[in-house]
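Contents: one structure, followed by commentary.
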């Protein structure tokens, strides 16, 4: 476990290129015990980086809070909240918008120039927001999710096959974090 991590639940992501191993660990006394995994999945097509930038196809390195989720399908049991997406749901990736790195609904009405549609990918049947760049610093990266694996590297997200992803989501409780290295 990376130093300084004290959360009671940690989803540990270890990467090698765009491949990843994901383990769900719980704190017991002064150490962490494996609860679920290891599972094989993916991170960004260009691996991971401690200097994540918008559009670099890398996953950010660090420890981040796990937030609520969303998807085409109903809440699989994620305790942090859920919303079901439709054709109006987007995640703003326009660094010049005051709504950068947030969930919004169309129509755009000039509020942003680009955004990722949340309905049109099987990756988003089930997805959870990773609390990366919550200060919404322009250009540092947006739309980092924990989602369904499509069999290859992502645009910067972390992915697992649906079964393991749902097991981890159902295991998590508020306060869980994801540590990526």
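Values quoted throughout were computed directly from the atomic coordinates according to the rules given, and no laboratory measurement underlies them. Note that this is a predicted model, so its numbers are computed, not measured. Because the Cβ atoms are built from the backbone with ideal geometry, glycine has one as well, and the counts that use them run over all protein chains shown.
For this structure, a couple of remarks:
- Cβ-derived FRET efficiency at R0 41 Å, residue 114 paired with residue 27, nearest 0.05: 0.55
- Expressed to the nearest 5 percent, the antiparallel share of DSSP beta bridges inside the chain is 70 percent.
- When 82, 91 are sorted by how many other C-beta atoms sit within 10 angstrom of their C-beta, beginning with the fewest, the order is 82, 91.
- Between residue 152 and residue 102, the simple label model (points 7 Å from Cα in the Cβ direction) yields a spacing of 3.4 nm.
- If the chain linking residue 121 and residue 173 were pulled fully straight, counting 0.36 nm for each residue of separation and taking away their Cα-Cα distance, it would gain 16.1 nm.
- A simple spin-label model places the labels of residue 88 and residue 8 3.7 nm from each other, with each point 7 Å out along Cα-to-Cβ.
- With Cα atoms, 0 to 90° folded angle of helix 162-171 axis to the chain main axis: 70
- Contact order for the chain, expressed relative to its length and based on alpha carbon pairs under 8 Å spaced 6+ residues apart, stands at 29 percent.
- Among 62, 131, 29, the largest mean-square fluctuation in a Gaussian network model of the chain, built with springs joining Cα atoms closer than 10 Å, belongs to 29.
- Ranked 106, 154, 59, criterion: other C-beta atoms within 10 Å, fewest first: 106, 154, 59
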